[in-house]
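Beneath this line is the structure, given in structure tokens, with notes to follow.
The values are calculated or read from the model by the stated rules, or taken from the named source; none is laboratory data. The shown structure was predicted, so the numbers you read here are calculated from the model rather than taken from an experiment. Heads up, the Cβs are rebuilt from the backbone with ideal geometry, glycines too, and the neighbour counts pull from every protein chain shown. Remember, those area values only see protein heavy atoms, side chains included, never the ligands or the DNA or RNA. Shrake-Rupley method; radii C 1.70, N 1.55, O 1.52, S 1.80 Å.
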Amino acid sequence: MSGKKSAARSKRKDIVNFEDDPVLRWSESVATDPKYQGEACFDHFLQLKNHYEALLKRFVRVTRISDSYQSSLKELNQSLTEAASRDLLTGLPNRRAMLDELAEQISRAERYGEEFALILADIDDFKGVNDTRGHEAGDHILVSVARTLESSIRREDTCARWGGEEFLICLPHTELAGARAVAEKLLEAVATSDTTYEEHQISTTISAGIAVHHGRENLDATIAKADDAMFEAKHQGKNRVYVLE
């Protein structure tokens, strides 16, 4: 099938370059050959030649428009696909994109017996910021924290906006000790980052829960462990990491 498609593309490329069309080249050679000019049907031949050339040029224009349309449609499709997988405010992958990433991690874990870790991070006292400074200030903090988290993880890791003021970070090929080290690094990065809104410095911290996915464990169970661990971190005083084995 791929061979037929390639041949079709090659044939269309030849046609688009209508100057190289074999029928057109042949008719041009006939039209300019003196030995044919005295033939009774020569004028009719020229009419057919000109009509063929006009139709070929029209076909070329339509083909180019079609190619341009298909290219634009492909770019639009790619843009829509990208937009559907991104959080509009922070630019991070959204919940849907993270679920797709987790499905891949689950498949890899079941196939090769690998582990991966999840960090569920929640901005501390976020409601208070919205209540006292307004939702625009809250949005500003969300964007700031998102950038800090994304810039503090490895390229192979994924940080997504999980919902509200929660962020879920997936760490492939990572055991508990490694995940804890990453979480501690994220807490420090957020706490020491400069978050300024309307010339006011806003102190921001996060609480983080860690869970490691083992073997054929249910994904929902792993996420629930990270969620429970995050709430325990809140309960113990916030701005800290908690792990549920």
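Remark: pairs (first residue in region 20-48, in contact (Cβ under 8 Å) with a residue 12 or more places away in the chain; second residue part of a helix (DSSP H, G or I) and β-branched (Val, Ile, Thr); Cβ separation under 9 Å; 6+ apart in sequence or on different chains) = ASP21/ILE15; PHE45/VAL30. For region 163-187, the set of residues classified as of a type in the set (A, V, I, L, M) and either touching a residue at least 40 places away in the same chain (Cβ under 8 Å) or more than 28 Å from GLY138 (Cα to Cα) (or both) consists of LEU168, ILE169, LEU171, LEU176, ALA177, ALA179, VAL182, ALA183, LEU186, LEU187, listed by residue number. Being farther than 20 Å from THR222 by Cβ, at pLDDT 95 or above and not small (Gly, Ala, Ser) holds for only one residue in ILE119, ILE169, ILE123, and it is ILE123. Determine, yes or no, whether THR174 is open to solvent by less than 50 Å² (accessible area, probe 1.4 Å), under 16 Å from ILE106 (Cα atoms) and out of contact with any Leu (no Cβ under 6 Å at 6 or more places or on another chain). When the stated conditions are applied, THR174 passes them.
If the condition is being under 25 Å from LYS127 (Cβ atoms) and part of a strand (DSSP E or B), then region 145-177 contributes CYS159, ALA160, ARG161, TRP162, GLY163, GLU166, PHE167, LEU168, ILE169.
Let me confirm something: among THR132, THR158, THR196, which residue is of a type in the set (Val, Ile, Thr), open to solvent by 10 Å² or more (accessible area, probe 1.4 Å) and at pLDDT 95 or above? Walk me through how you get there before you give the answer.
On the way: THR132 fails: at pLDDT 95 or above; THR196 fails: at pLDDT 95 or above.
Only one candidate passes the filter, namely THR158.
Sort through VAL212, VAL190 and tell me the only one that's β-branched (Val, Ile, Thr) and touching a Ser or Thr at 6+ places or on another chain (Cβ under 7 Å).
On the way: VAL212 fails: touching a Ser or Thr at 6+ places or on another chain (Cβ under 7 Å).
Selected residue: VAL190, the only one of VAL212, VAL190 that is β-branched (Val, Ile, Thr) and touching a Ser or Thr at 6+ places or on another chain (Cβ under 7 Å).
Summed over region 187-245, the residues that are of a type in the set (D, E, K, R), within 14 Å of LEU176 (Cα to Cα) and assigned to a helix (DSSP H, G or I) give a count of 1.
I'd like the full set of residues that are in a helix (DSSP H, G or I) and within 28 Å of THR148 (Cβ to Cβ), limited to region 110-130. Correct list: PHE126, LYS127, GLY128, VAL129, ASN130. Quick check on my filter: what residues within region 97-127 are loosely packed, with under 13 Cβ neighbours inside 10 Å and basic (Lys, Arg)? ARG111, LYS127 - these are the residues of region 97-127 that are loosely packed, with under 13 Cβ neighbours inside 10 Å and basic (Lys, Arg).
With respect to the stated conditions, ALA54 fails to be over 31 Å from the mean Cα position of the chain (by Cα), at pLDDT below 70 and in a helix (DSSP H, G or I). Just to be sure before I move on: is SER29 assigned to a helix (DSSP H, G or I), modelled with pLDDT under 75 and of a type in the set (Gly, Ala, Ser) in the structure I sent? So SER29 does not fit the description; no.
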